[in-house]
Amino acid sequence: MRVLAAMSGGVDSAVAAARAVDAGHDVTGVHLALARNPQSGSASAFATRPHRSVARGCCTPEDARDARRAADVIGIPFYVWDLAAQFHADVIEDFVAEYAAGRTPNPCLRCNEKIKFAAVLDRALALGFDAVVTGHHARLGPDGRLRRSVDLAKDQSYVLAVLTREQLAHSMFPLGDSTKAQVRAEAARRGLAVADKPDSHDICFIADGDTRRFLAERLGEAPGEVVDAQTGEVLGTHQGAYAYTVGQRRGLRLTRPAPDGRPRYVLSVTPVTRTVTVGPAEALDVSTVYGDHPVWTCGEPTTVECEVQMRAHGETVPATVTLAGGRLTAHLHRPVRGVAPGQAIVAYRPDPAGDVVIGSATISQALPETGRGVPVGAA
Amino acid sequence: MAYLDHAATTPMLPEAIEAYAATAHEVGNASSLHAPGRQARRRVEEARERIAAALGARPSEVIFTSGGTESDNLAVKGIFWARRAAEPRRTRVVAGAVEHHAVLDSVEWLARQEGAQVDWLPVDEVGRIRVDALRETLAEHADEVAVVSTMWANNEVGTVQPVPELAALAAEYGVPLHTDAVQAVGQIPVDFASSGAAALTVTGHKLGGPIGVGALLLARDAPCTPVLHGGGQERDVRSGTLDVPGIVAFAVAVEAAVKGQQEFAARVGALRDELVQRVREVVPDAVYNGDPADRLPGNAHFSFPGCEGDALLLLLDAQGIACSTGSACSAGVAQPSHVLLAMGADEGRARSSLRFTLGHTSTAEEVDALVAALPGAVERARRAGAVRKPAAGRPTAGRSAAGEAAPPH
Ligand SMILES: Cc1ncc(COP(=O)(O)O)c(C=O)c1O
C-alpha cells in the first residue's frame with residue numbers, strides 16, 4: 001500500500017513510520033505544520049517589501065527537523081504540510097469556544113477528528129495514498145476494530161474513539177502491540193535520534209502550559225460570582241467563568257470559607273450568568289451521563305452493557321448505554337466524580353485481547369443519582 | 001531519474017572534479033611564505049586570472065567567497081556601509097522586488113539594523129524590473145542612495161533583467177550597482193566590464209563547479225566594507241584561508257561554462273522549448289510564467305491552475321522526477337513565491353507553480369519522463385486541491401450558544 005506517515009518529530013511516529021516500511025508499504029513522511037509562527041508577527045511589523053511572503057512555520061522548527069532527520073534515517077521521502085489555517089479554525093478556535101461555553105474540550109481528540117484523519121487523510125487519499133499511519137498507542141486489527149494499546153498507561157484509544165469506520169478503514173497504528181519502553185528501545189536500535197526525546201504532555205499550542213492565561217487573552221475578563229450550590233451564598237468572585245472546569249478544586253480563591261468548612265469543588269459553569277457553582281466533593285458524583293454527536297463503530301445498538309471512560313486516562317466504569325434520537329444516555333453502575341461536559345464519553349467492550357471501542361459521544365450533561373441535588377455541568 | 005532542478009544545483013563538470021581532486025592532493029595555505037604556500041598561491045592566482053578573463057574583469061577585481069549568498073551579503077552590506085561612512089546622507093538601498101533571498105534579506109536586515117530606507121523596484125507581469133522605476137527613484141533620491149542591487153536573471157521564472165541599462169542609469173547618478181549573476185553565467189553572455197556594474201555575484205555550483213565556492217567581482221573603485229574580518233586575504237575585503245581545490249575547480253567550471261555558453265543556450269534552449277511545448281499539450285491550461293523569449297535557456301516555469309505546487313512536487317518525486325516549487329521555505333512549509341506575487345499573480349497562482357530547470361546533463365529522455373508523468377500528477381493534485389475541507393464526522397461543537405439547556409425530560 002502507499003501510506004502517508006504523519007511524523008510529529010517524536011519517537012512514536014518515527015517508529016510507526018519505520019514499521020510501516022518494514023511491513024512492505026511504500027511510505028512517505030509528512031510533518032504537519034500546525035501553528036502559526038509566533039515570530040512572524042514581529043517580522044511582519046517590519047515588512048518593507050511590497051510582496052513579503054509571511055513566514056509561517058511550525059511552532060517548533062526543531063520538531064520539523066527531528067521528523068525530517070528520522071525520515072532520512074528510515075529512508076523515506078519527507079514533506080511538510082501547512083495545515084495551520086485548518087488547525088487554527090478547527091482546533092484552536094473550537095477549544096476557545098468550548099471553554100467560553102462552559103465546557104472542557106479535548107483538543108487532541110479534535111485534532112484527530114478534524115485534522116489528522118480528516119484534512120490530512122482526505123488530501124492523502126486524493127493524492128493516491130491508501131492510508132495514514134500514525135504513532136498513536138492503540139490497536140487496529142484486520143477486523144477494523146479499535147482496541148486499547150497493550151501499554152495501558154500510554155493507551156490513546158480514547159482520543160481516537162471519535163473516528164468513524166470509514167476513517168479507521170484508512171488508518172494504521174503500528175505501535176498498538178508494543179509498550180512505550182519497547183518503542184524507545186526500538187528507536188535506539190534503529191539509530192533514530194529521537195529515541196530518548198521526552199514525551200509531549202501539554203497542549204501543543206499553549207507553549208507555556210498556562211491555559212488560563214491563554215483563554216483570558218482570547219476571551220477577556222468576564223468577572224462573576226462563585227456561588228455555593230447548597231446555600232446559594234456567594235463565596236468569592238472570578239475573572240472569567242471559562243477558566244473553571246468541573247471537578248476543579250485548586251485556584252478557586254474563595255474569599256470566605258464554605259458554611260460547613262469543607263473543601264469546595266466546581267460543580268458547574270454557567271457562562272451566560274457568569275456563575276461558577278461550587279459544592280462538596282460528593283456533589284460531583286454523577287450516575288447518568290448524556291452525550292451528543294455519537295459515533296458508533298459497531299452498528300448502532302439500542303442498549304448495550306459496556307464500560308465507559310469519560311476523560312483521557314480516566315477510570316472506566318460499567319454502564320448501560322442507550323442510543324436514541326442521535327443522543328447517548330449512559331447509566332453508570334456506580335457514581336463517578338468530576339465528569340466535565342465537552343469531554344468524550346467512550347464506550348468499550350471488555351476483551352482480553354484489548355478492550356474494543358464500540359462508540360463515543362461528546363458529554364453534554366451529567367446528573368447525580370436521581371433526586372439528589374443539582375445537575376452537574378454546564379447548565 | 002529525471003533531474004529537472006539544475007537551477008538549485010547542477011552536477012560538477014568532469015574536468016572540474018578532476019581539477020579539484022588533483023589539487024586536493026597538494027598541501028599549502030595560499031598565505032604561507034614557504035614553497036608549498038607559494039604553490040597554492042600560484043594555483044589561486046591562475047584561477048583568478050582565468051575567471052577574470054572569462055567574465056570580462058581584471059584579476060584584482062575577483063574576490064573569492066564561499067558562494068552566492070556570501071557574495072550578495074558582502075556586496076549589499078559592504079557597499080552600503082562604505083558609502084554611508086563616506087557620505088552619511090547615503091542611507092537608501094534600492095533593490096528589485098524579485099531578488100533572491102540572499103539580497104532580499106540582506107536589504108531587510110540593513111533596514112532593521114541600520115535604519116536604511118528601502119526602495120523596492122517593481123516588476124512587470126513577466127518579472128522584468130521597470131527601468132523607469134529606477135530612473136524615478138534616482139531622480140528623486142540619487143544623493144541618498146548608497147547602493148542599487150538588481151539580479152541579472154531571475155532564479156525562479158528565468159526572466160533576464162536589463163542590467164546594462166540599469167547599470168548605465170545608476171552610473172549616470174554616480175550610484176554603484178550590484179548584480180547577482182548566479183543564474184546567468186554560462187546560460188547567457190555575461191561581461192562584467194561592459195555591463196557597467198560595480199559588483200557582480202557568481203557561484204560555482206550553478207555552472208558545473210563545486211558547492212561552497214564563488215566570487216564577488218568588485219570594481220577597483222567600488223568601496224566595500226568587509227563582512228568577514230581576519231587575516232586580510234582578498235584585498236582585505238574578505239578574510240579566510242582560501243579553498244584552493246575549490247577555487248581551482250571553480251575556475252575550470254567558469255571557463256568551460258563561458259566557453260560553452262552559446263552551444264549550451266542552443267542545445268538546452270531547444271530542449272527547454274520542447275519541454276514547454278509538450279507540457280502545454282498535455283496540460284492545456286498550464287500558464288507559462290516569465291518572459292516567453294528573453295529568459296534563461298534552461299528555465300521553464302508554470303502555474304497549474306487548481307493544483308498546489310507542493311502536491312505536484314510530491315507526486316512527481318514519487319515517480320523519480322526532481323523539480324522545484326521555486327519558493328523559499330525555512331521549516332519546509334511552502335510559501336507563495338514573492339517573485340510571482342511581485343509579478344501580479346494572486347496567491348493561488350503563486351502556490352500552484354512549479355519550476356523545471358535543465359542543464360548540461362539534461363536529456364530528451366528526462367523530458368519524456370516528465371511529459372509522461374505530468375498529466376496524472378496534475379489530475380491527482382487537482383483532486384487533492386478540491387478536498388481541502390474537513391471530511392465526514394460531526395460538526396464542530398461549541399458553536400451552539402452557552403445557553404440554558406434544560407435537563408433532559
Ligand atoms: C539568484 C541566486 N542568488 C544567490 C544564490 C545563492 O548562492 P549559493 O547557493 O552559492 O549561496 C542562488 C542559489 O540558490 C541564486 O539562485
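Kindly indicate whether any position in the stretch A:257-279 is surrounded by fewer than 15 Cβ atoms within 10 Å (Cβ to Cβ), part of a strand (DSSP E or B) and not assigned by TED's automatic domain parsing to the domain that holds A:R165. Looking for residues that are surrounded by fewer than 15 Cβ atoms within 10 Å (Cβ to Cβ), part of a strand (DSSP E or B) and not assigned by TED's automatic domain parsing to the domain that holds A:R165, one finds none in the stretch A:257-279, hence no. For the stretch A:345-358, filtered to residues that are assigned to a loop (DSSP other than H, G, I, E, B) and among the charged types (D, E, K, R), the residue that is surrounded by the fewest Cβ atoms within 10 Å (Cβ to Cβ) is A:D351. The set of residues in the stretch A:240-253 that are crowded, with 16+ Cβ neighbours inside 10 Å and in a loop (DSSP other than H, G, I, E, B) comprises A:Y244, A:T245, A:V246, A:G247, A:Q248, A:L252.
Just one of (1) open to solvent by 30 Å² or more (accessible area, probe 1.4 Å); (2) in contact with a Cys (Cβ under 7 Å, 6 or more places away or on another chain); (3) β-branched (V, I, T) trips up A:T237, so point out which. Only one criterion in (1) open to solvent by 30 Å² or more (accessible area, probe 1.4 Å); (2) in contact with a Cys (Cβ under 7 Å, 6 or more places away or on another chain); (3) β-branched (V, I, T) is unmet by A:T237, namely (2). Say whether the condition of being open to solvent by 10 Å² or more (accessible area, probe 1.4 Å), within 20 Å of A:R2 (Cβ to Cβ), in the same structural domain as A:D72 (by TED's automatic domain parsing) and among the charged types (D, E, K, R) is met by at least one residue in the stretch A:161-177. Yes - at least one qualifying residue is present in the stretch A:161-177. Among the residues making up the stretch B:182-214, a single one is in a loop (DSSP other than H, G, I, E, B), of a type in the set (S, T, N, Q) and more than 10 Å from the ligand (Cβ to nearest atom): B:Q187. A residue that is modelled with pLDDT under 95, outside any helix (DSSP H, G or I) and either in contact with an Asp or Glu (Cβ under 7 Å, 6 or more places away or on another chain) or not charged (D, E, K, R) (or both) can be found somewhere in the stretch A:93-102.
Out of B:A373, B:A386, one residue alone is among the small types (G, A, S) and touching a residue at least 60 places away in the same chain (Cβ under 8 Å). It is B:A386. Comparison of A:E282, A:E217, A:E225 shows that the only residue that is farther than 25 Å from A:V346 by Cα, open to solvent by 30 Å² or more (accessible area, probe 1.4 Å), assigned to a helix (DSSP H, G or I) and without any contact (Cβ under 8 Å) to a residue 60 or more places away in the chain is A:E217. Taking the criterion of being outside any helix (DSSP H, G or I) and more than 16 Å from the ligand (Cβ to nearest atom), the residues of the stretch B:39-70 that qualify are B:G56, B:A57, B:R58. Only residues that are more than 14 Å from every other protein chain (Cβ to nearest Cβ) and in a strand (DSSP E or B) were counted in the stretch B:291-325, giving 6.
Taking the stretch A:290-344 as the search range and keeping residues that are assigned to a loop (DSSP other than H, G, I, E, B) and among the hydroxyl-bearing types (S, T, Y), which one is surrounded by the fewest Cβ atoms within 10 Å (Cβ to Cβ)?
First, pick out the residues of the stretch A:290-344 that are assigned to a loop (DSSP other than H, G, I, E, B): A:297-302, A:310-315, A:325-326, A:338-340, A:342.
Next cut, among the hydroxyl-bearing types (S, T, Y) only: A:297, A:302.
Working: A:T297: 21, A:T302: 8.
Out of the qualifying residues, it is A:T302.
Within the stretch B:1-23, at least one residue is within 14 Å of chain A (Cβ to nearest Cβ), within 28 Å of B:L340 (Cβ to Cβ) and either away from the ligand (no atom under 16 Å from the Cβ) or touching a residue at least 24 places away in the same chain (Cβ under 8 Å) (or both). Would you call B:A334 within 14 Å of another protein chain (Cβ to nearest Cβ) and in contact (Cβ under 8 Å) with a residue 60 or more places away in the chain? The answer is no for B:A334.
Answer yes if at least one residue in the stretch B:218-229 is in the same structural domain as B:E26 (by TED's automatic domain parsing) and part of a strand (DSSP E or B), and no otherwise. Yes, there is a match, as at least one residue in the stretch B:218-229 is in the same structural domain as B:E26 (by TED's automatic domain parsing) and part of a strand (DSSP E or B).
Could you go through the stretch A:86-102 and let me know if any residue there is touching a strand residue (DSSP E or B) at 6+ places or on another chain (Cβ under 7 Å), open to solvent by 10 Å² or more (accessible area, probe 1.4 Å) and not aliphatic (A, V, I, L, M).
To start, the set of residues in the stretch A:86-102 that are touching a strand residue (DSSP E or B) at 6+ places or on another chain (Cβ under 7 Å) comprises A:102.
Subset that is open to solvent by 10 Å² or more (accessible area, probe 1.4 Å): none.
There is no residue in the stretch A:86-102 that is touching a strand residue (DSSP E or B) at 6+ places or on another chain (Cβ under 7 Å), open to solvent by 10 Å² or more (accessible area, probe 1.4 Å) and not aliphatic (A, V, I, L, M).
Take the residues of the stretch B:258-290 that are in contact with a strand residue (DSSP E or B) (Cβ under 8 Å, 6 or more places away or on another chain) and in a helix (DSSP H, G or I): which is nearest to B:G204 (Cα to Cα)? Only one residue fits best here, namely B:V258.
Taking residues in the stretch B:165-189 that are closer than 19 Å to B:H141 by Cα and open to solvent by less than 10 Å² (accessible area, probe 1.4 Å), and partners anywhere that are in a loop (DSSP other than H, G, I, E, B) and within 13 Å of the ligand (Cβ to nearest atom), the pairs with Cβ atoms closer than 7 Å and at least 6 places apart or on different chains are B:L166/B:T150; B:L177/B:T150.
Give me the pairs: first residue in the stretch B:344-361 and free of Cβ contacts under 8 Å to residues at least 60 places away in the same chain, second residue of a type in the set (D, E, K, R), beta-carbon distance under 7 Å, and six or more apart or on different chains, which are they? Listed by first residue and then by second, the contacts come to B:R351/B:E308; B:S352/B:E308. The residues on offer are B:R92, B:R112, B:R128, and the sole one that is basic (K, R) and within 16 Å of the ligand (Cβ to nearest atom) is B:R128. Of all residues in the stretch B:245-285, those being buried (at least 23 other Cβ atoms within 10 Å of the Cβ) and of a type in the set (D, E, K, R) number 1. Comparison of B:L121, B:L166, B:L217 shows that the only residue that is within 14 Å of chain A (Cβ to nearest Cβ), more than 13 Å from the ligand (Cβ to nearest atom) and either modelled with pLDDT under 95 or touching a Leu at 6+ places or on another chain (Cβ under 7 Å) (or both) is B:L121. Within the stretch B:196-219, the set of residues being surrounded by fewer than 22 Cβ atoms within 10 Å (Cβ to Cβ) and either among the β-branched types (V, I, T) or touching a Lys or Arg at 6+ places or on another chain (Cβ under 7 Å) (or both) comprises B:I211 only. Here is the figure for the stretch B:220-245: residues that are out of contact with any helix residue (DSSP H, G or I) (no Cβ under 7 Å at 6 or more places or on another chain) and either within 16 Å of the ligand (Cβ to nearest atom) or hydroxyl-bearing (S, T, Y) (or both) total 5.
The values are calculated or read from the model by the stated rules, or taken from the named source; none is laboratory data. Remember, predicted model here, so these are calculated numbers, not experimental data. Here the Cβ is made from the backbone with ideal geometry for all residues, glycine too, and neighbour counts use every protein chain on show. We work out accessible area using only protein heavy atoms, side chains counted, and drop any ligands, DNA or RNA first. Shrake-Rupley method; radii C 1.70, N 1.55, O 1.52, S 1.80 Å.
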